[in-house]
Amino acid sequence: MSTAPRPIRIARSVLLHPLLPPPRPRRLVQLYAGLSAFGLGCALLISSRLGAMPWDVLHQGLALHTGLSVGACSILTAGAVMLLWAPLRQRVGLGTVSNAVVVGLAVDASLWVLPEVEGLAARWAVLVAGILLTGLATGAYIGARLGPGPRDGLMVGLAARTRLSVRTARTAIEVAVVAAGALLGGTVGVGTLLFAVAIGPLAQRALPLLSIGGPEPAEAGSGPHERR
């Protein structure tokens, strides 16, 4: 039995260790660059008006009914999802908390500066650019190995506590998320489907190029199987 004080034992049970392994500067730069780029990619899909990525369909719907921004709804949703981690026994890392906050801020900042896209050809170009960028950004933030995103952890934890595969858990959750978002008025379209099909292969290609070597935090649960 561990002789460490109770607060330390609790911290060890819920936090990844180490929180920030070396090489620290590169991990931090890659993490925050990846999360910021992911937020920009989200905003590009939204701006295309051809369909947001699955979780952003929900964030859009919530924004319509609460008066909050899409990014603020993303942050609040991430916080709510993290509350579900406790029974699933997932561990929180620096990347987890950063993901919850930075992506939402980047979405709002990007939507604020992006011009309105007119014309079908331009909208398709923005959609494709957004999907490619999110694939690269996913490889970057996962490759930093500082912990899974809130939604990553939910899907991995659900799969670990049930007989479901990660793919099945992801599909079930995201179908439910898209359905709820659509009912609330979020934008579902061809872009939603293309993102769902393309994000896995794109992240899989980007991850070997951006994965940082060295010890990986225990139970990170990260991988190119899912969005953030």
Qualifying residue in segment 99-112 (condition: of a type outside the set (A, V, I, L, M, F, W, C), modelled with pLDDT of 95 or more and either within 21 Å of residue 206 (Cβ to Cβ) or more than 16 Å from the chain's Cα centre (by Cα) (or both)): yes
Those residues of segment 85-96 which are hydrophobic (A, V, I, L, M, F, W, C) and surrounded by fewer than 18 Cβ atoms within 10 Å (Cβ to Cβ), in sequence order: 86, 88
Which numbered condition residue 119 fails, given (1) at negative phi; (2) at pLDDT 95 or above: (1)
Exclusive hit being acidic (Asp, Glu) and either surrounded by 21 or more Cβ atoms within 10 Å (Cβ to Cβ) or in a helix (DSSP H, G or I) (or both), set 174, 118: 174
Selection count, segment 208-228, where residues are modelled with pLDDT of 90 or more and surrounded by 15 or more Cβ atoms within 10 Å (Cβ to Cβ): 3
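Within segment 188-197, count every residue that is open to solvent by 50 Å² or more (accessible area, probe 1.4 Å) and either over 16 Å from residue 49 (Cβ atoms) or touching a helix residue (DSSP H, G or I) at 6+ places or on another chain (Cβ under 9 Å) (or both).
4
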Criterion (open to solvent by 50 Å² or more (accessible area, probe 1.4 Å), aliphatic (A, V, I, L, M) and at pLDDT 95 or above) met by exactly one of 164, 132, 127: 132
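Condition check: without any contact (Cβ under 8 Å) to a residue 12 or more places away in the chain and under 22 Å from residue 170 (Cα atoms). Does residue 80 satisfy that? Let's see the steps before the verdict.
Details: without any contact (Cβ under 8 Å) to a residue 12 or more places away in the chain: yes; under 22 Å from residue 170 (Cα atoms): yes.
It is true that residue 80 is without any contact (Cβ under 8 Å) to a residue 12 or more places away in the chain and under 22 Å from residue 170 (Cα atoms).
Condition check: surrounded by 20 or more Cβ atoms within 10 Å (Cβ to Cβ) and under 19 Å from residue 55 (Cβ atoms). Does residue 109 satisfy that? Steps first, please.
Values: surrounded by 20 or more Cβ atoms within 10 Å (Cβ to Cβ): no; under 19 Å from residue 55 (Cβ atoms): yes.
Taking the combined requirement at face value, the residue does not satisfy it.
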Identity of the residue in segment 38-90, within 16 Å of the chain's Cα centre (by Cα) and not in a helix (DSSP H, G or I), that ends up modelled with the lowest pLDDT: 90
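Residues are listed down the side, and each one gets a yes or a no for (1) in contact (Cβ under 8 Å) with a residue 40 or more places away in the chain; (2) farther than 22 Å from residue 29 by Cβ:
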site: 85; (1), (2): yes, yes
site: 95; (1), (2): yes, no
site: 98; (1), (2): yes, no
site: 104; (1), (2): yes, no
site: 107; (1), (2): yes, no
site: 111; (1), (2): yes, yes
site: 116; (1), (2): yes, yes
site: 128; (1), (2): no, yes
site: 131; (1), (2): yes, yes
Residues that are at pLDDT below 95 and crowded, with 23+ Cβ neighbours inside 10 Å, drawn from segment 1-37: 16
Looking only at segment 54-73, and only at residues there that are out of contact with any Cys (no Cβ under 6 Å at 6 or more places or on another chain) and under 22 Å from residue 190 (Cβ atoms), the one that is most open to solvent (accessible area, probe 1.4 Å): 64
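The values are calculated or read from the model by the stated rules, or taken from the named source; none is laboratory data. For clarity, every value in this text was computed on a predicted model and none was experimentally measured. No Cβ is skipped: glycine too gets one built from the backbone with ideal geometry, and neighbour counts run over all protein chains shown. Side chains included, ligands, DNA and RNA excluded: accessible areas come from the protein's heavy atoms. Shrake-Rupley method; radii C 1.70, N 1.55, O 1.52, S 1.80 Å.
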